[in-house]
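Some notes on the structure that comes next.
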Amino acid sequence: MRLSLKTPLLLIFLFGTILSADAQKGYKVKTIVIDAGHGGGKPGAIGAFSKEKDIALQVALKLGKKFEEEMPDVKILYTRKTDVDVDFYKRAGLANDNKADLFISIHANSMPARNRTTKGTETFVAGMHRINEQDVAIRENADVMLEKNYKENYGGFDPKDPETFIILSLFKNKFRTKSMELARLIQNNYRDVDNRIDRGIKEQGILILQRCGMPAVLTEIGFISNPEEERYMNSSAGQEEIVNSIFNAVKLYKKGNDTN
């Protein structure tokens with residue numbers, strides 16, 4: 001497949017609503033969009049007894065509640081609050097339309113059925129690395145094919161074609177530095193506070209992050225294919241640790257970035 005750089009819809013999709021340099025003056029984290037990955041007929045990864053979409057929603061709602069209780073000056077928006085299907089472009093569109101300052105997407109990782117030992121957390125930002133290392137991007141983007149009129153909505157994008165990411169790599173993410181900063185803070189908390197295995201911060205061509213016109217991260221909170229981590233992510237204690245790690249990362253990010 002070949003995508004043309006002249007494709008207007010693709011360009012709109014990639015950039016979304018980009019904030020101007022002037023808009024960054026007096027920057028404060030005032031609005032955060034929390035995105036529970038997958039939903040409805042898109043279950044995401046499936047474990048021995050649970051589904052990614054359900055874990056993501058539980059964590060997203062608990063994270064939002066913590067912000068609402070402990071950081072009431074910040075407006076929290078959710079891409080979904082129930083088990084419903086929300087198209088990728090609508091998720092990013094919610095953030096762009098509301099001029100959100102941060103976008104946080106919650107997901108659970110997975111490995112092939114025979115691999116039940118891989119564990120740990122990793123957080124992704126929009127970007128491009130080696131084509132053969134785009135496995136997560138291809139898996140997360142696959143939901144696009146289940147959307148109605150996805151070819152029209154995404155300018156002919158084929159989520160199964162790794163060559164697509166060559167096009168994505170030509171566009172510089174204006175918010176890469178800040179996205180990396182937030183991702184690093186999240187991973188630090190997972191590792192240093194929760195004693196989780198740190199699989200690092202990675203740049204990949206994940207569509208929902210590519211379209212967001214603000215710092216955006218997708219955090220994989222554990223491997224649902226690993227029995228131990230599946231139990232952890234479904235437990236109240238595990239979810240509390242995950243929520244606290246993300247919340248405290250945002251709190252530190254906000255402290256370091258809010259300006260007058």
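FYI, it's all coordinate maths here, none of it is from the lab. Bear in mind the structure is a predicted one, so any value in this text is a computation, not a measurement. All Cβ positions, even for glycine, are placed from backbone atoms using ideal geometry, and neighbour counts span all protein chains on display.
Brief remarks on what is shown
- Additional length obtainable on full extension of the chain from K30 to N244, 0.36 nm per residue less Cα span: 75.1 nm
- Residues of region 64-81 falling in the label zone of K255, defined by backbone nitrogen less than 19 Å from a point 7 Å along Cα to beta-carbon, are 66-74.
- Amide H within-cut-off set for T31, under 5 Å, with H built and near neighbours excluded: K75, D101, L102
- Peptides 46-59, 104-117 ordered by average Cβ neighbours within 10 Å, highest first: 46-59, 104-117
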